[in-house]
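One structure is given below, encoded as structure tokens.
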Amino acid sequence: MASKKESAVSDPVTIQREYYRRTASQYDELRLVQPPPDRGPAIVFRATLALTLANALWFIWSNRFIPMSDYPDWVYQGWILSGILRGAAHPLYHFRSYPPTHAAVTIATALLDYGFGAETSAKLVLSSAVCAFAIGSTYLLKACGASERHPLLYVPLLFIFDTWFFTGEIDYYLALTGFFFLAGYLLRRADSPGRINPLVVLVGLLAIFVAHLIVYLACGAVCIAIVLAHPSPVKARRLLLPALASVPILAWYVLGRATSHDLGTQTFLVPWTARHLASNFIDAFSLFHAFAPWLSPHSKLMHLAAMCNLISDGGIFTLFCVCAVMWFRGTRDDAAPLLAALLCLIGYVAGGYAIAGVFGAERLTYPAAWLVLAWLAGNWTPARESARLAAICVIGAVLAIQCVYVDHAVGQVCDRLAQTYDRLAQAPSRKDLCSIYEPYFQQSWGGQHRSGWERFVPDHASVIRLPYYLYIERGEAAPIFEAGIFNYSGRGDNNDLCR
């Protein structure tokens, strides 16, 4: 009997079963001791994200005309490209002889135009960009280890309706979403570079280049920063080689741009002045906007908005300062995001108010700010739970006020745009159309002369490119932006369509 018991105990299968039984019982005991994970903060954040996006989509689709200054021009260019792809080429529009940037929205709108109209296609692109902006921001901010409990994850939601949105620079807006996803992908794999796929890096860089040149350069800064933070041959091969492989298309663009006649007599680089540097930073991180000629920065409502914008601008600047203080005090984990942000800021200051007559280096401020947010979210948490909850409540309250402001105040501007469009559409001749258009055009630039509190409210000219919708309906040719995919050989000025 003893030998049978000893053989049973020494049986490998029996020993393994006994091991699993004891391990399972110990795990059950630990599970009973440990409290279940608190999913409340994650649910709150995801609900806030969903409600914010739902409100943004409702605003986009409930208004035919949105006061986005440059947006109608890009819708029009998408309509032109759609016609060319269908064989209806126009003699006044020709493809550029070098790789285009500022072309992603035009291409996407043209492809969607096969199944939808030009306006619907452009709104589908715009809606996708807004959703990707919010989701991509969250993806990037969690790249350094932050959880959905962190109040900084709510900050990007405040900038869905930012100055780039209402300026109508949707290619830049779309390129930013690509930057968020690509930078987040790289930062999550910075400690294990063998997981980085060089093809993903190359395709991401090329796609972002097609959308916007400045954001492409910011992505290059992230690649360089990750390699410099902790150099290794694997990182160099998987990051620098794809980045270098994308340089020829950049060189082709720069050479083609420099040797073409697109620049005319414009200066290639307009350096910063202190006034431009401060003004562009203020406009970039403002939460509330004015829309000439109807929602003027001179109104009392806009003075209140200016105070909110001043707090917002100061808050972003404070985050940069806090980041610098933490770094110099020895918090130097995950150095890559900060190094990339520093490279972007150096490019911002060393760049200019206008580069090649088209791009401004201030577009590097958003990549730098989001990298700083990602680093802070991963390396700093509020000392008390009450402070975390208070920060979330404050950001949530501002977000709610901003949603109401967009839906009602900006919604009224949308209604006025619709009324103006009806007047333009009923004009019997071009002369009559221009007699309606010109007064609005002159009033739209009134916000350029700001003083006092008005300096803290970005003002967007909402009417100057409204006639592009008429040109689409009537199939008429019109001047377009020089930064797009086409050369325009006709007459006119897209900044004054009646000139």
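The values are calculated or read from the model by the stated rules, or taken from the named source; none is laboratory data. It should be emphasised that the depicted structure is a prediction, and the values quoted were computed from it without experimental measurement. Ideal geometry is used to build each Cβ from the backbone, glycine not excepted, and the neighbour counts take in all protein chains shown. Protein only, heavy atoms only, side chains kept; ligands, DNA and RNA dropped before computing areas. Shrake-Rupley method; radii C 1.70, N 1.55, O 1.52, S 1.80 Å.
Using the Karplus equation 6.51 cos²θ - 1.76 cosθ + 1.60 (θ = phi - 60°), what ³J(HN,Hα) coupling, rounded to whole Hz, does each residue of the stretch 390-404 give in order, writing x for Gly and Pro?
5, 4, 5, 5, 5, 5, x, 5, 4, 4, 5, 4, 5, 5, 5
Can you tally the net charge around Arg195? Count Lys and Arg as +1, Asp and Glu as -1, for every other residue whose Cβ sits under 14 Å from the Cβ of Arg195.
So the surrounding residues net to +4.
Under 8 Å for C-alpha pairs, at least 6 residues apart: give me the relative contact order for the chain, rounded to a whole percent.
23 percent
Hey, rough spin-label estimate for Arg423 and Ser147, points 7 angstrom out along Cα→Cβ, what's it come to in nanometres?
For Arg423 paired with Ser147, the spin-label model returns 5.7 nm.
Given a 1.4 Å probe, how much area per residue of the chain is accessible, in Å²?
Accessible area per residue, the chain: 47 Å².
Roughly how tilted is helix 411-426, in degrees to the nearest 10 and between 0 and 90, from the longest Cα axis of the chain?
Once rounded, the angle reads 40 degrees.
Run the numbers for Leu199 and Gln442: contour at 0.36 nm per residue of separation, minus the present Cα-Cα distance, in nm.
82.5 nm
Can you give the Kirkwood hydrodynamic radius of the stretch 49-179 from its Cα pairs, in Å with one decimal?
15.9 Å
For P(r) over Cα pairs in 10 Å bins from 0, in percent, which listed value, [x] 4, 18, 30, 29, 15, 3, 0, 0; [y] 4, 16, 21, 16, 13, 11, 9, 5, 3, 1, 1, 0, 0; [z] 4, 17, 27, 25, 14, 6, 3, 2, 1, 1, 0, 0, comes from the coordinates shown?
Looking at P(r) over Cα pairs in 10 Å bins from 0, in percent for this model, the match is [z].
Working out 0.36 nm times the residue gap between Val254 and Asp496, then minus their Cα-Cα distance, what length gain in nm do you get to one decimal?
84.3 nm
Of the options Val75, Val394, Ser246, report the single residue whose Cα projects farthest towards the positive end of the charge dipole of the chain (beta-carbon charges: Lys, Arg +1; Asp, Glu -1).
Projecting each Cα onto the dipole axis, the largest value belongs to Ser246.
Given 5 Å bins starting at zero, what is the percent of C-alpha pairs of the stretch 356-499 in each, up to the one with the largest pair distance?
P(r) for the stretch 356-499, in whole percents per bin: 2, 7, 10, 14, 14, 14, 12, 9, 7, 5, 4, 2, 1, 0.
In whole Å, what are the extents of the stretch 205-319 along the principal axes defined by its C-alpha atoms, from largest to smallest?
So the extents along the principal axes, rounded to whole Å, are 58, 42, 26.
If R₀ is 25 angstrom, what is the calculated FRET efficiency for the pair Ile346 and Cys131, using the beta carbon separation as r and rounding to 0.05?
0.20
So, with a 1.4 angstrom probe, what is the percent of accessible area on the stretch 103-194 that is carbon and sulfur?
65 percent
When all protein chains stay in place, what accessible area (Å², nearest 10, 1.4 Å probe) is found for Trp272?
40 Å²
With axes computed from alpha carbons, what is the tilt in degrees of helix 71-85 against the longest principal axis of the chain, rounded to the nearest 10 within 0 to 90?
Value to nearest ten degrees: 90.
When the gyration tensor of the stretch 132-181 is built from Cα positions, what are the square roots of 5 times its three eigenvalues, in whole Å, from largest to smallest?
21, 12, 6
Lys and Arg at +1, Asp and Glu at -1: add these up for the other residues within a Cβ distance under 15 Å of Ala211 and post the number.
Once positives and negatives cancel, what remains is -2.
Return, for the Cα atoms of the stretch 52-111, the radius of gyration and Dmax in Å, separated by a comma.
Every Cα atom of the stretch 52-111 included, Rg and Dmax give 14.4, 44 Å.
Where in the stretch 380-450 are there trypsin sites (Lys or Arg not before Pro) that are in a DSSP coil and have at most 12 other Cβ atoms within 10 angstrom of their Cβ?
Here the sparse-neighbourhood loop sites are Arg384.
Roughly how big is the stretch 381-499's charge dipole about its Cα centre, with Cβ charges of +1 (Lys, Arg) and -1 (Asp, Glu), in debye to the nearest 20?
160 debye
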